[in-house]
Amino acid sequence: MNILMVTSEAVPFAKTGGLADMVSALSISLAKLDHEVKIVIPRYYSIDKGKLKMLPGEMGVPVGGGEEWCAVYTTSLPGAPKKNPVQVYFIDHEIYFGRDGIYGTPYEPDFIDNPRRFTFFCRAAFQLCRKLAWYPDVLHSHDWPTALAPVYLKYAERVPRKEKDLVSGFEKTVSVLTIHNLGYQGIYSKDNFDYTGMGWDVFYNAGFEDWNMLNLLKAGLYSADKLNTVSPNYAEETKLQVHGFRLDGVLRYRSADYSGILNGIDTDVWNPKKDTLIPEQYSVGKMEGKAAAKKALQRYFNLPEDPNVPIIGMVTRLAEQKGIGELFGPGYGCVWSICNDIKLQFILIGEGEAWCEQEIRSLPLRIPNFRAYIGYSEVVSHLIEAGADFFLMPSRYEPCGLNQMYSLVYGTLPIVRRTGGLTDTVENYNAAKGTGTGFMFDDLTPGAIYNTVGWAVHTWYNNPEHIHAMQKRAMQQDFSWENSAKQYIELYEETLKNEK
């Protein structure tokens, strides 16, 4: 199949979260299975065009009743097979993309012209195909910034089959829209709709209207041929009001076309048998390297080097979605009680909300067994995944989650809330049988987090043979992208079959 990934992010070029990792990893896996994959992404200011190749001639993009022009650059995606490379195309428009930030900056978190920026980008994706004389079987969009692409395909580009004398090149193209996080929808003033160049009948028929506003993701959910999200359990949760962010009704309406496919992880990067960022590589049959990582982690954070004391690790965004209020909220968060009442060490790396950063900076002065690194470091993240004994993820919601999968393959047992992809990847500990791969709780409260951490640490001290068995079971899990890519191929094939 010819597959076009229309995305606002892709590693190593532009990233704010897991979407970027998913797009590139999936594209590489599909290419390894002999499909022809191309990626189109904006050429943000941070992407050095001096390292890219410019395609000859500018490209006209019909928007707003007229036409705007852009340049196109290209390069190959690192890590893709040499015999079947994944070509990445960059849409270069100085006014829209020649600035700091992808969606905004710390001073302007959501650019006021985002609806126009990504309208232009989605329309440009179709013009790129014409410029290349290459037409996809599957157009795969990701989240609200590219949710307009399925709308354009349905209402502007895919000519009805009865009109045999009209040829667009997209007659047989089908669309798939992946929801990475339903909490972000692209809601703006409907005054921006005229810029799409489509009639106002499309505004209402395609589902743009949202309380007299423009909702880009909602229109994509109505228009795409198939919808999916990044874990089976999150697909079910988003059809419920509590996790549906007001779009649960749309997803129930489209439920026959909506599914969940669990994200994979990059097993070349996150793999204790290959990891070059940890002191000593290790595997299920040779666990000495994990002990070495624990010792190095304790030394790095100036904690007592005691192999018998369990370490609770966290690598997280300090955002409300991640349960930071219940953990670190002054006066009610449970981290103080966890560190004072339970014999353990607690290590965190992360950045995000200012109040939380400030609170965390103050904690080591008051809690001798708590340490934190505000910011992000790839080396420290790998060291925590390898050196910690437990990994805490008290997420309010978690579409897929990657860190719990990293933790599992490193033999670091997750302590997680039963939600989204955490439910799909972690098996709760059964004390009677000694089975499971982690520890789970249901209610997001300080008490529930405290009790579950206590449960895990009690097991550490009183049933060490269960901990060792769980570590081995966790490390044998297969979260490779190959499995997920095969499920996407099945989704593509089903979509093409249905649209014939």
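Would you be able to say whether some residue in segment 176-187 is in a helix (DSSP H, G or I), open to solvent by 20 Å² or more (accessible area, probe 1.4 Å), of a type outside the set (Phe, Trp, Tyr) and touching a Lys or Arg at 6+ places or on another chain (Cβ under 9 Å)? Within segment 176-187, none of the residues are in a helix (DSSP H, G or I), open to solvent by 20 Å² or more (accessible area, probe 1.4 Å), of a type outside the set (Phe, Trp, Tyr) and touching a Lys or Arg at 6+ places or on another chain (Cβ under 9 Å).
A Cβ distance below 9 Å, combined with a sequence gap of six or more or placement on separate chains, defines the contacts here; from segment 259-273, residues that are of a type in the set (Asp, Glu) reach residues that are open to solvent by 40 Å² or more (accessible area, probe 1.4 Å) in the pairs Asp266/Asp21; Asp266/Gly79; Asp268/Gly79; Asp268/Lys274. Asn84: under 18 Å from Ala31 (Cβ atoms) and either of a type in the set (A, V, I, L, M, F, W, C) or at pLDDT 95 or above (or both), yes or no? Here the answer is yes, as Asn84 does meet what is asked. Checking each residue in segment 282-315 for being in contact with an Asp or Glu (Cβ under 6 Å, 6 or more places away or on another chain) and closer than 17 Å to Ala474 by Cα picks out only Gly289.
For Tyr410, are the conditions met, namely being touching a helix residue (DSSP H, G or I) at 6+ places or on another chain (Cβ under 9 Å) and farther than 20 Å from Phe328 by Cα? The answer is yes for Tyr410. Of all the strands (runs of 3 or more DSSP E) wholly in segment 1-95, which have at least 2 residues that are open to solvent by less than 40 Å² (accessible area, probe 1.4 Å) and in contact with a Leu (Cβ under 8 Å, 6 or more places away or on another chain)? Once the strands (runs of 3 or more DSSP E) in segment 1-95 are filtered for at least 2 residues that are open to solvent by less than 40 Å² (accessible area, probe 1.4 Å) and in contact with a Leu (Cβ under 8 Å, 6 or more places away or on another chain), what remains is 2-6, 36-42, 66-76, 87-92. Do we have any residue at all in segment 248-270 that's outside any loop (DSSP other than H, G, I, E, B), among the basic types (Lys, Arg) and open to solvent by 10 Å² or more (accessible area, probe 1.4 Å)? Checked segment 248-270: at least one residue is outside any loop (DSSP other than H, G, I, E, B), among the basic types (Lys, Arg) and open to solvent by 10 Å² or more (accessible area, probe 1.4 Å).
Among the residues of segment 227-247, just one is of a type in the set (S, T, N, Q), open to solvent by 10 Å² or more (accessible area, probe 1.4 Å) and under 20 Å from the mean Cα position of the chain (by Cα), namely Asn233. Across segment 124-142, which residue is nearest to Gly197 (Cα to Cα) among those that are buried (at least 24 other Cβ atoms within 10 Å of the Cβ) and touching a Gly at 6+ places or on another chain (Cβ under 9 Å)? Within segment 124-142, the match that is nearest to Gly197 (Cα to Cα) is Phe126.
Taken as a whole, segment 109-119 holds no residue that is open to solvent by less than 70 Å² (accessible area, probe 1.4 Å), of a type in the set (Val, Ile, Thr), closer than 23 Å to Gly244 by Cβ and modelled with pLDDT of 95 or more.
The values are calculated or read from the model by the stated rules, or taken from the named source; none is laboratory data. This structure is a prediction, so every number in the text was calculated from the model and none was measured. Positions of Cβ are backbone-derived with ideal geometry, glycine not excepted, and every protein chain shown enters the neighbour counts. Each accessible area value is taken on the protein alone, full model and side chains, heavy atoms only, with ligands, DNA and RNA left out. Shrake-Rupley method; radii C 1.70, N 1.55, O 1.52, S 1.80 Å.
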